[in-house]
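Engineer: Take a look at this one; I'll ask things after.
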C-alpha cells in the first residue's frame, strides 16, 4: 500500500495474530462441543464453519469498516497499522475458515493425534 513496514505496521500484525488465534479457538471449541455430543467428524467440521461464520464475519467486518477512516485520514503514523490489519483480516478470515477444518481433519483422520468417537462407536464399545 506504499507505506513503510515500521513499528506501527508490526504492532498491527501482532494484534492481528491475536484476532486470528481467537477465531481459531472459537472454531476448535465448537468442533469439540460437537465431538462431545458424539457427532461424526464429517458433520462437525462443516457445521462449525457454518455456525461460527456469522460471529467471525461480524467481528472482521466491524474492524475493517472502523479502520478505513483511520487509514485514510489518520496520518502517516496510523496508515501502516490500519493497512496491515485490514489486509490481514480480509485474507486470514477466509484462510482460517478453510484451513482450520482441513488441519483438524488431518489431525483426526491421517495423523490420528485426536481420537474421534461418535455416539455409535461409544455404544458399540460399551
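Taken together, the values in this text are just the output of simple stated rules run on the coordinates, not laboratory data. Source: prediction; values computed, not measured. FYI the Cβ positions are ideal-geometry reconstructions off the backbone, even for glycines, and counts take in every protein chain you see.
Engineer: For the chain, what does the helix formula give at 222 nm: sum of -39500 (n - 2.57) over DSSP H segments with n ≥ 4, over the residue count, nearest 500 deg cm²/dmol?
Structural biologist: Values: 4 runs with 98 residues, N = 126.
Computed ellipticity for the chain at 222 nm equals -27500 deg cm²/dmol.
Engineer: For region 46-88, take the alpha-carbon Rg, divide it by the Kirkwood Rh, and send me Rg/Rh.
Structural biologist: That ratio equals 1.17.
Engineer: Take every Cα-Cα distance within the chain, group them into 10 Å bins from 0 onward, and report for each bin the whole-number percent of pairs it holds.
Structural biologist: 12, 35, 24, 16, 9, 3, 0
Engineer: Under a plain spin-label model, where a point goes 7 Å from the Cα along Cα-to-Cβ, how far apart in nm are residue 117 and residue 37?
Structural biologist: 2.0
Engineer: Sticking with this one: At a 10 Å Cβ-Cβ cut-off, how would you order 113, 78, fewest neighbours first? Provide the component values of the computation, followed by the final result.
Structural biologist: Details: 113 8, 78 17.
Fewest-to-most ranking of 113, 78: 113, 78.
Engineer: For a quick check: sort 110, 47, 29 by the number of other beta carbons within 10 angstrom, fewest at the front. Could you put the intermediate results ahead of the total?
Structural biologist: Details: 110 8, 47 16, 29 12.
Listing 110, 47, 29 from fewest to most nearby Cβ atoms yields 110, 29, 47.
Engineer: Gaussian network model of the chain, Cα springs within a sub-10 Å range: biggest mean-square fluctuation belongs to which of 37, 79, 112?
Structural biologist: 112
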